[in-house]
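Everything on this sheet refers to the single structure shown next.
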Amino acid sequence: MNKIRTIIIDSDLTFLESFKSLLSKFNEVEVVATFVDSQEGREFIIKNELDLAFVQIEMQNLSGLELAGEISKQETDTKIVLVSDHAHYAIKALKVAVFDYLLKPVSIDELKISLQRFNTRFKINLNNRELQIIREMSNGLSSQNIGEKLCISRHTVDTYRRSILEKTECQNTAQLIKFSLKSGLI
């Protein structure tokens, strides 16, 4: 699997360096660049193919929320993870459709969960219907019951199930549920 290409945008140089060090503990992550200026970071995101950008919310000139809003209007696949000292920005973060929201100090466990979710959702490339079917499978529903609930045929559900198992490289439903729990999908 390709590495997750990331950048960090944070005006606190101490946090920026410690967060870069934290990310370096994950072999699947490549920190491409770091920025203390949000405008420079925004330009870099627009001009480069990245997977994730970890962006501080409270910044001069261009806040993390503003940056996330601008990036969502661009033709880029870069997902934004907002990082803040304050939980009260979480609702605003949802409104600009960021991928994740982390509170400082960011723990290695929280970061691991966020990266696993990213890998599962975007690198494995599960679509919304597949995610929906995984959730229903985790509730113990059969293909017939899932089909009835989602208004699709049992055969269509079975086709999705085979595709999901192939994408996730799981051998059976039990492995898939375990994988989904570990990855934060359900």
>> It is to be established whether one or more residues within region 76-96 are surrounded by 19 or more Cβ atoms within 10 Å (Cβ to Cβ) and farther than 30 Å from residue 46 by Cβ.
In response: no
> In region 59-73, is there at least one residue being surrounded by 14 or more Cβ atoms within 10 Å (Cβ to Cβ), free of Cβ contacts under 8 Å to residues at least 12 places away in the same chain and in a loop (DSSP other than H, G, I, E, B)?
Replying inline: no
>> Contact list please: Cβ distance under 7 Å, first residue in region 9-31 and assigned by TED's automatic domain parsing to the domain that holds residue 44, second residue among the β-branched types (Val, Ile, Thr) and assigned to a helix (DSSP H, G or I), pairs at least six apart or on different chains.
In response: 22/108; 25/108
> Of the numbered conditions (1) without any contact (Cβ under 8 Å) to a residue 24 or more places away in the chain; (2) closer than 25 Å to residue 3 by Cβ; (3) within 21 Å of the chain's Cα centre (by Cα), residue 95 satisfies every one except a single condition; which is it?
Replying inline: (2)
> Would it be correct to say that residue 176 is outside the structural domain of residue 14 (by TED's automatic domain parsing), touching a residue at least 12 places away in the same chain (Cβ under 8 Å) and not polar (S, T, N, Q)?
Replying inline: yes
> Which residues, counting only those in region 79-110, are hydrophobic (A, V, I, L, M, F, W, C) and assigned to a strand (DSSP E or B)?
Replying inline: 80, 81, 82, 83, 102, 103
>> Let me confirm something: among 139, 119, which residue is at pLDDT 85 or above and either at positive phi or of a type in the set (S, T, N, Q) (or both)?
In response: 139
> Among the residues of region 34-58 satisfying the criterion of being among the acidic types (Asp, Glu) and assigned to a loop (DSSP other than H, G, I, E, B), which is farthest from residue 103 (Cα to Cα)?
Replying inline: 49
> Within region 35-58, which residues are within 19 Å of the chain's Cα centre (by Cα) and surrounded by fewer than 18 Cβ atoms within 10 Å (Cβ to Cβ)?
Replying inline: 46, 48, 49
> residue 152: surrounded by 14 or more Cβ atoms within 10 Å (Cβ to Cβ), among the hydrophobic types (A, V, I, L, M, F, W, C) and assigned to a loop (DSSP other than H, G, I, E, B), yes or no?
Replying inline: yes
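The values are calculated or read from the model by the stated rules, or taken from the named source; none is laboratory data. Everything numeric here is computed off the predicted structure, so don't read it as measured data. Here Cβ is always computed from backbone atoms with ideal geometry, including for glycine, and neighbour counts include all displayed protein chains.
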